[in-house]
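A short worksheet on the structure shown next.
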Amino acid sequence: MPDRYRWRTKLIREQIAILNGKKSPSIVLKNATYLNQALRKWLKANIWIYEDRIVYVGSDLPEIYEQTEFVDCENKFVVPGYIEPHVHPFQLYNPLTFAQYASQTGTTTLINDNLMLVLMLPKKKAFSLIDELNCLPSSMYWWCRYDPQTEIPGEEQIFSPENIKEWLEHDLVMQGGELTSWPKVLDGDDLLLHWMQETKRLRKPIEGHLPGASEKTLTKMRLMGVDCDHESMTGEDVLMRLTQGYTTSLRYSSIRPDLPKILEEILELGIDNFDRLTFTTDGSPPAFYKDGVLDKMIKIAIDKGIPEIDAYNMATYNVAKHYDLDHVHGMIGPGRIAHLNILDDIRNPSPVSVIAKGKWVRRDGKPIVNVSEFPWDKYSLEPLKIDWELTADDLQFSMPFGMEMINSVITKPYSIGFDVSVDELPMDHDESFLMLVDKNGKWRINTVIKGFANKVCGFASSYSNTGDIVLIGKNKKDMLTAFNRMKEIGGGLVLVENGEIIHEIELKLNGIMSSKNLEQLIKEENTLFALLKERGYKFVDPVYTLLFLSSTHLPYIRVTPQGIFDVMKKTILFPSIMR
């Protein structure tokens, strides 16, 4: 377990000394009405904290208190810090900035996707990074991906047996998955099934990715070891998963903001036991978090008629229990890590004060910053260095068919019915040039995308599922201008019109993540969305559009480093071209 030696002998003896009246606790929350999950009741108690651990919960006050901070919680309510079990911590933000922002609204424990770390960093450096991140006030745990969810060169080396084994065995890795490649294992991929079995041998759960799965498919995946799924889109989906014995995450995200509807439907279906339900925001882009993280979901649940204790448990105890972490998370009791949210009102889960690992990160409505700088360069997470030139010769388009957007993330093939050899496309239709080009300049794939927008002249993004560069636009010169500006700023998103840069978002951590705080990113993303919308983008999430252009776990056609890929037939339709 991740906390196997969290509190060593000397520290445990100090904690015992506090109870023996020989040492002072760090903080005492007096007269607190707190949620006791073991009894499912609100109880009155004094809560003693020493450094990062709760050492006592009861009616007594400490005998020695010279170095103790007393906080009167009369008329306040205390709940455990919220746990987000399904974080993609690279949606323009980075793990640190998301954790800092999330903690302000009470989400103090995160279970993170490791995909970008696997793709960007050598294993030893990635392990050092996650160890250092876990020294922050928030608790950070990780997944172990089995595959890259796209078609990339060198996949066998990146996701080698040795690498997967070491990730699975790492103390901070809590689960296998998410399992976006479940069709492969159903089709007979025994190597993938082996890693699923290894995950179970290590007593770690497997997170599925099973949108629209039938009862029989859900049953097969349970037999293969999948324990949890977050892809329910209806109350019936939730019921089917619960019936099959899944822990079921209810999602509220930028592309699936349907939690209110799902809650109404599960209540109508007669679901009245919520012990195997959890919450997730599924790694939404910054702007989605403007009004909170899991506190927002708890509030929606309470307002929809979920009993208050159950609503809080879905964001705390249920998650900790699923990951076998309830001895250190998800409850207020002796021995747990001191993640505590102080509320003014039981029905308002947005805390006025937050303690994370025994440190105040929010106090009386005001943020307290415990970490200002982080040594990203120590882990080779630096501005993108592009030492090659993109030229007009690279912007040659001759493919007979392209990709048509159905929604923010689903694309299907369509036949191109116009001359694509021109330098500029008219704005009376919604087809645009699309290029995916290797970040190292070795290959490119050129096609046309329909439905993205009708008036975007030039748009460049180093943010993508593979870390390669996406170019979209009507005008080749503006596309080149956008690329060159993106190159100049060390990675990011750049929108160009008539030769002028009209908006940019710097992503100085390998071209994927920003070092800016979420408040700033929310403003920048909102501006980008508004500008794209004015130019014909008609969907809900352009950030996810960019991310999923290469993601082969979604239908029907994707542009990948190997070429244009037919997801259903699992074949390369047109290979990428070497430059």
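The values are calculated or read from the model by the stated rules, or taken from the named source; none is laboratory data. This is a predicted model, so every value here is computed, not measured. Every residue, glycine among them, receives a Cβ derived from its backbone with ideal geometry; neighbour counts consider all protein chains shown. Protein only, heavy atoms only, side chains kept; ligands, DNA and RNA dropped before computing areas. Shrake-Rupley method; radii C 1.70, N 1.55, O 1.52, S 1.80 Å.
A few notes on this one:
- Cβ-placed point charges (K, R +1; D, E -1), dipole of the chain about Cα centre in debye, nearest 20: 1200 debye
- Long-range tail of P(r) for the chain (Cα pairs > 42 Å, %): 24 percent
- When the square roots of the Cα gyration tensor eigenvalues are ordered a ≥ b ≥ c, the ratio a/c for segment 1-70 is 1.5 or more and a/b does not exceed b/c, which makes its shape oblate.
- Along the axis of the charge dipole computed for the chain (Cβ charges of +1 for Lys and Arg, -1 for Asp and Glu, origin at the Cα centre), the listed residues LEU425, GLY451, LEU29 are led at the positive end by LEU29.
- Simple rule: put +1 on each Lys or Arg Cβ and -1 on each Asp or Glu Cβ in the chain, find the dipole, and look at ILE302, LEU531, PHE288; the Cα lying farthest toward the positive end is ILE302.
- Dipole of segment 79-366, positive end: most advanced residue of PRO85, GLY333, ILE111 [Cβ charges, Cα centre]: GLY333
- List SER26, SER421, SER461, ordered by accessible area with a 1.4 Å probe, largest first: SER421, SER26, SER461
- Each of ILE64 and LEU186 was given a label point 7 Å from its Cα along the Cα-to-Cβ line. The distance between the two points is 6.2 nm.
- If only the Cβ of Lys and Arg carry +1 and only the Cβ of Asp and Glu carry -1, the dipole of segment 454-547 around its Cα centre is close to 280 debye.
- Taking every C-alpha pair closer than 8 Å and separated by at least 6 residues, the mean separation divided by the residue count of segment 134-194 gives a relative contact order of 41 percent.
- Within the accessible area of segment 161-316 (1.4 Å probe), percent carbon and sulfur: 50 percent
- Most simply put, segment 79-366 has about 35% antiparallel DSSP beta bridges, counting only bridges with both residues inside it.
- Per residue, the chain exposes 39 Å² of solvent-accessible protein surface, assessed with a 1.4 angstrom probe and all protein chains in place.
- Between GLU534 and GLN197, the contour length at 0.36 nm per residue exceeds the alpha carbon distance by 116.4 nm.
- The simple spin-label model puts a point 7 Å past each Cα toward its Cβ; for LEU39 and ASN517 those points are separated by 4.0 nm.
- Mean ellipticity per residue at 222 nm, deg cm²/dmol - from DSSP H runs of n ≥ 4 across the chain, formula -39500 (n - 2.57): -7500 deg cm²/dmol
- Pairwise centroid distance, computed over Cα atoms, of segment 321-393 with segment 71-106, Å: 6 Å
- Spherically averaged projected area of the convex hull of Cα atoms, segment 79-366: 14.3 nm².
- Overall, segment 146-271 carries a charge dipole of about 380 debye about its Cα centre when +1 sits on the Cβ of Lys and Arg and -1 on the Cβ of Asp and Glu, all other atoms neutral.
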